[in-house]
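Let me begin by presenting the structure, written as structure tokens, before commenting on it.
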Amino acid sequence: MAIKKTHELREMGKEELKEQLDQLQNELAREKASVESGTQPDSPGGIKELRRTIARIKTILNERGANE
């Protein structure tokens, strides 16, 4: 999945952000599982970028008051 910039995320609605968050968390879990099993990740910095994007989305949702 493509990593989105902050201004792109801010243009999204709450529901879109929540869907994006779920997808990224699932992708992060898959990446971590593949690393734990001993395989090389597709992109070495991918896990770090996924974590940062998840944090960006959570921050935006928190600012909007939709942290439920």
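The values are calculated or read from the model by the stated rules, or taken from the named source; none is laboratory data. Please read all numbers here as calculations on a predicted model, not as lab measurements. Every residue, glycine as well, gets a Cβ built from its backbone with ideal geometry; the counts of neighbours run over all protein chains shown.
Within the stretch 1-10, track down each residue that is more than 12 Å from residue 58 (Cα to Cα), over 12 Å from the mean Cα position of the chain (by Cα) and either among the charged types (D, E, K, R) or assigned to a loop (DSSP other than H, G, I, E, B) (or both). I'd like the intermediate steps shown before the answer.
Residues of the stretch 1-10 that are more than 12 Å from residue 58 (Cα to Cα), as a first pass: 1-5, 7-8.
When the remaining residues are screened for being over 12 Å from the mean Cα position of the chain (by Cα), the result is 7-8.
8, the sole residue that qualifies.
Per-residue answers, yes or no, for (1) touching a helix residue (DSSP H, G or I) at 6+ places or on another chain (Cβ under 9 Å); (2) in a helix (DSSP H, G or I); (3) β-branched (Val, Ile, Thr):
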site: 12; (1), (2), (3): yes, no, no
site: 24; (1), (2), (3): yes, yes, no
site: 31; (1), (2), (3): yes, yes, no
site: 39; (1), (2), (3): no, no, yes
site: 47; (1), (2), (3): yes, yes, yes
site: 51; (1), (2), (3): yes, yes, no
site: 57; (1), (2), (3): yes, yes, yes
site: 61; (1), (2), (3): yes, yes, no
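Filter the stretch 33-44 down to the residues that are closer than 19 Å to residue 3 by Cα and surrounded by 10 or more Cβ atoms within 10 Å (Cβ to Cβ) and list them by number. Walk me through it before giving the result.
Of the stretch 33-44, the ones closer than 19 Å to residue 3 by Cα are 41-44.
Across the stretch 33-44, the qualifying residues are 41, 43.
Determine, yes or no, whether residue 18 is in a helix (DSSP H, G or I), touching a residue at least 12 places away in the same chain (Cβ under 8 Å) and over 12 Å from the mean Cα position of the chain (by Cα).
Details: in a helix (DSSP H, G or I): yes; touching a residue at least 12 places away in the same chain (Cβ under 8 Å): yes; over 12 Å from the mean Cα position of the chain (by Cα): no.
Here the answer is no, as residue 18 does not meet what is asked.
Anything in the stretch 6-15 that is free of Cβ contacts under 8 Å to residues at least 40 places away in the same chain and surrounded by 13 or more Cβ atoms within 10 Å (Cβ to Cβ)? List them, or say none. Before you say what the answer is, go through the steps one by one.
Quick first cut of the stretch 6-15, residues free of Cβ contacts under 8 Å to residues at least 40 places away in the same chain only: 7-8, 11-13, 15.
The answer is 12, and nothing else.
May I ask you to list pairs of residues, at least six apart or on different chains, whose Cβ atoms are under 6 Å apart, with the first in the stretch 44-68 being hydroxyl-bearing (Ser, Thr, Tyr) and the second being at pLDDT below 90?
Listed pairs, sorted by first residue: 53/3.
Among residues belonging to the stretch 48-57 that are crowded, with 16+ Cβ neighbours inside 10 Å and not basic (Lys, Arg), point out the one that is nearest to residue 29 (Cα to Cα). Spell out the reasoning first.
Within the stretch 48-57, the first condition is being crowded, with 16+ Cβ neighbours inside 10 Å, and the residues that meet it are 50, 53-54, 56-57.
Now narrow it down to the ones that are not basic (Lys, Arg): 50, 53-54, 57.
On the way: 50: 10, 53: 14, 54: 12, 57: 17 Å.
It comes out as 50.
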